[in-house]
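The values are calculated or read from the model by the stated rules, or taken from the named source; none is laboratory data. Predicted model, so just to flag it, every value in this text is computed and none were measured. Cβ placement follows ideal geometry from the backbone for every residue including glycine, while neighbour counts extend to all protein chains displayed.
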Amino acid sequence: MKSAKYQLKDHPWIALILIIITLVLTLAATSIVLFEILNLNPEDSINQILPATIANLLLLFVIIPLFYKLPSGNSKLKHYLEDIGLLKLKPFLKLILIGVTCYLIFLISQASGTIIFRVSQGNTVNMEFISELFKFSNEFPPKSNGWLIALPSTLEEFVFRGVILTMFMNKYSSTKAIVFSAIPFGIMHLLNLAGDNELIWVLSQVIWSTIIGLFYGYLFVKTRSLLPVVLVHYLGNLFIGTITGYFQSNASAEIQSIYGIIFFFGLVPTTFSIIWIRFFIKKWSILG
């Protein structure tokens, strides 16, 4: 009797390790090509996003589907895009609405954290200060290319929710799969130690990334679509600099770490967003 053919999809933990190793190696190789061989300026903000963008695109649309045949063992592009939730776009308006409203919860929590910090310093909170918190035009031309720089980060959702979470869901319960995908999502942020970042800040980023990873995973499971997850991730990365600009300029790394875990990406917005998703899905079901 012939033994069953080995398929990577049946071994999600091995697949997870392989995906992460491949991503890191591809990112390193891409950086070498761009900055050492092609001599692009690494200080340019647009050039800085190129390694991660190219590495993730290669991983997502070449390596994972064609060579690893994840998350479900099928290398056909249409099946792959369906498996990772990229083609789940209906009901479109409800998917957009749940994404935008979840982001608003994060926005309110982030703004509240900044205001609380300012009050703790003994400073007043007036309308001028409030207006600066929500001056979103700072992230668009001609002031900034923030709208473009924030785009590549959304590819993380393709990898960790579309591929890795789906892969774990094929073997485990949804709850376990969400946790199993959130933990490596947080751990991957240890790569920021390669930059000029304080250890305590990076470690706190690992914690809040894991926490928000639970939210991203829950939203993906409840909608089976990448659309709202990517929308929240993009808006969150796009406007966080504006909303917390005052805080980042005046708070120590230790305080930034605490507020990040509680207000900006961690416990408060994640908890309220999950409660909101439960209510939204129950009242206006979009799981299909």
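One residue alone among F239, F215, F264, F272 is hydrophobic (A, V, I, L, M, F, W, C), modelled with pLDDT of 95 or more and within 26 Å of W13 (Cβ to Cβ), and that residue is F215.
This table checks each residue for (1) hydrophobic (A, V, I, L, M, F, W, C); (2) modelled with pLDDT of 90 or more; (3) over 16 Å from the mean Cα position of the chain (by Cα).
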residue	(1), (2), (3)
K171	no, yes, yes
K176	no, yes, yes
F180	yes, yes, no
L193	yes, no, yes
L199	yes, yes, yes
L203	yes, yes, yes
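Of the set (1) touching a Ser or Thr at 6+ places or on another chain (Cβ under 6 Å); (2) farther than 30 Å from A194 by Cβ, all apply to P65 but (2).
Considering only residues of region 70-94 that are basic (K, R) and without any contact (Cβ under 8 Å) to a residue 12 or more places away in the chain, which is farthest from L219 (Cα to Cα)?
Among residues in region 70-94 that are basic (K, R) and without any contact (Cβ under 8 Å) to a residue 12 or more places away in the chain, the one farthest from L219 (Cα to Cα) is K76.
The set of residues in region 100-110 that are surrounded by 17 or more Cβ atoms within 10 Å (Cβ to Cβ) and aliphatic (A, V, I, L, M) comprises I105, L107. Looking across region 32-71 at every residue that is among the small types (G, A, S) and surrounded by 18 or more Cβ atoms within 10 Å (Cβ to Cβ), the one that is nearest to the chain's Cα centre (by Cα) is identified as A52.
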